[in-house]
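For reference, the structure discussed in these notes is given below.
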Amino acid sequence: MRGMTGWLANVVQSSNLRWLPHFLAGPAVILMTFGWLGWRSRSGLFGFLLCAGYGVAFMIAGRWDNFYWGAVIAPAMFAGIVFAPRAVSQLVAAARLPGLSRLQLAN
């Protein structure tokens, strides 16, 4: 069991994210996965569950020498980055408290 770091390492090492510094590549994988939720449809949910399912499989059954498993899911995960801005904006909108304006937060 390698956990979250094993999943992130598998996807990063088997894609072009390996050229990025690790502090950028790891969050990019998370954004790709949750970006699918920005597409509010059955297809978006399927894309998220597919990426998350592979993530759980990597976390449970992955070993250090089978990073190439990430090559199976990496192309689908990269498509999720397209929806990431929308997902992040929806998350920020949902986190805002109703009735508070920016002026009230500044004081």
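The values are calculated or read from the model by the stated rules, or taken from the named source; none is laboratory data. This is a predicted model, so every value here is computed, not measured. With ideal geometry, Cβ positions are generated from the backbone for all residues, glycine too; neighbour counts draw on all protein chains shown.
Couple of notes before you dig in:
- Residue within the range 52-75 that is among the polar types (S, T, N, Q) and in contact with a helix residue (DSSP H, G or I) (Cβ under 8 Å, 6 or more places away or on another chain) present: yes
- Screening residue 33 on (1) modelled with pLDDT under 90; (2) within 19 Å of residue 2 (Cα to Cα) shows it passes everything except condition (1).
- Residue satisfying all of: in the range 24-65; farther than 13 Å from residue 11 by Cβ and in a loop (DSSP other than H, G, I, E, B); farthest from the chain's Cα centre (by Cα) among these: 65
- Index of the failed condition, residue 51 passing every other in (1) without any contact (Cβ under 8 Å) to a residue 24 or more places away in the chain; (2) under 19 Å from residue 25 (Cα atoms): (1)
- The set of residues in the range 1-20 that are among the aromatic types (Phe, Trp, Tyr) and either within 18 Å of residue 60 (Cα to Cα) or in contact with a Leu (Cβ under 9 Å, 6 or more places away or on another chain) (or both) contains only 7.
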